[in-house]
Amino acid sequence: MDIRKAQKGDLGQILELYTQLHGNDIPPFDKQLEILWRDILEDKHHYILVGVSEQKIISSCVVLVIPNLTHNQRSYALIENVVTHEAHRNKGYATQLLNFAREIATEQRCYKIMLMTGSKQESTWRFYERAGYNAADKKAFIQWIE
């Protein structure tokens with residue numbers, strides 16, 4: 001699997017992969033989606049990483065680098081939307097993406113990477129622990145906005 005930052009022509013495949021993430025539907029390809037996609041691609045702090053095999057996106061994650069005034073003005077990173085196509089799971093692809101995300105965070109002088117999961121499966125929690133994340137240092141809180 002090759003890993004790279006998403007490109008303009010990847011949107012359809014990424015959205016298709018996202019249908020396996022929380023049962024998302026593919027949104028209509030309209031002007032609003034086009035503007036959102038352009039804004040994401042142009043944002044120097046927003047990385048959508050894709051894992052590609054045989055010209056097909058099979059895994060992805062989002063890395064956001066947030067500039068910060070504390071911790072010696074070092075940024076921090078947030079990882080979201082980690083997903084691998086169900087036909088390609090348990091082959092180490094998501095781990096490779098998370099390692100690539102860590103390289104980006106390191107290059108951007110981040111002092112930490114945060115990741116949350118909505119999964120209640122212990123196997124998912126163990127996966128993130130094996131990837132170097134822990135649930136002991138902080139407690140996450142979420143407020144959903146409708």
message: Quick check on Leu49: is it touching a Lys or Arg at 6+ places or on another chain (Cβ under 8 Å) and under 23 Å from Met116 (Cβ atoms)?
response: yes
message: Just to be sure I understand the filter: pairs with C-beta atoms under 6 Å, separated by 6 or more residues or on different chains, first member in the range 1-26 and farther than 14 Å from Val52 by Cβ, second member among the β-branched types (Val, Ile, Thr) and open to solvent by 40 Å² or more (accessible area, probe 1.4 Å). Which pairs pass?
response: Leu15/Ile26
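Return the residues of the range 96-113 that are buried (at least 16 other Cβ atoms within 10 Å of the Cβ) and either among the polar types (S, T, N, Q) or in a helix (DSSP H, G or I) (or both); say none if nothing qualifies. Talk me through it step by step, then tell me what you get.
Of the residues in the range 96-113, the ones buried (at least 16 other Cβ atoms within 10 Å of the Cβ) are 96-98, 100-102, 104-105, 108, 110, 113.
Listed by number, the residues that qualify are Gln96, Leu97, Leu98, Phe100, Ala101, Arg102, Ile104, Ala105, Gln108.
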- request: Go through (1) at pLDDT 95 or above; (2) open to solvent by 70 Å² or more (accessible area, probe 1.4 Å); (3) not in a helix (DSSP H, G or I) one by one and return the number of the condition Val82 breaks.
  value: (2)
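For every residue, the table says whether it meets (1) open to solvent by less than 70 Å² (accessible area, probe 1.4 Å); (2) more than 27 Å from Arg109 (Cβ to Cβ).
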site	(1), (2)
Thr19	yes, yes
Pro28	no, yes
Ile48	yes, no
Arg89	no, yes
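Given the structure, is Ile66 surrounded by fewer than 13 Cβ atoms within 10 Å (Cβ to Cβ), hydrophobic (A, V, I, L, M, F, W, C) and touching a residue at least 12 places away in the same chain (Cβ under 8 Å)?
Values: surrounded by fewer than 13 Cβ atoms within 10 Å (Cβ to Cβ): yes; hydrophobic (A, V, I, L, M, F, W, C): yes; touching a residue at least 12 places away in the same chain (Cβ under 8 Å): yes.
Criteria met by Ile66.
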- request: For residues that are part of a loop (DSSP other than H, G, I, E, B), over 17 Å from Ser59 (Cα atoms) and touching a helix residue (DSSP H, G or I) at 6+ places or on another chain (Cβ under 8 Å), scanning just the range 114-133, find the one that is least open to solvent (accessible area, probe 1.4 Å).
  value: Ser119
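The values are calculated or read from the model by the stated rules, or taken from the named source; none is laboratory data. Bear in mind that the values here come from a model prediction, so they are computed numbers and not experimental data. With ideal geometry, Cβ positions are generated from the backbone for all residues, glycine too; neighbour counts draw on all protein chains shown. The protein model used for the area step is the full one, side chains on, heavy atoms only, and it has no ligands, DNA or RNA in it. Shrake-Rupley method; radii C 1.70, N 1.55, O 1.52, S 1.80 Å.
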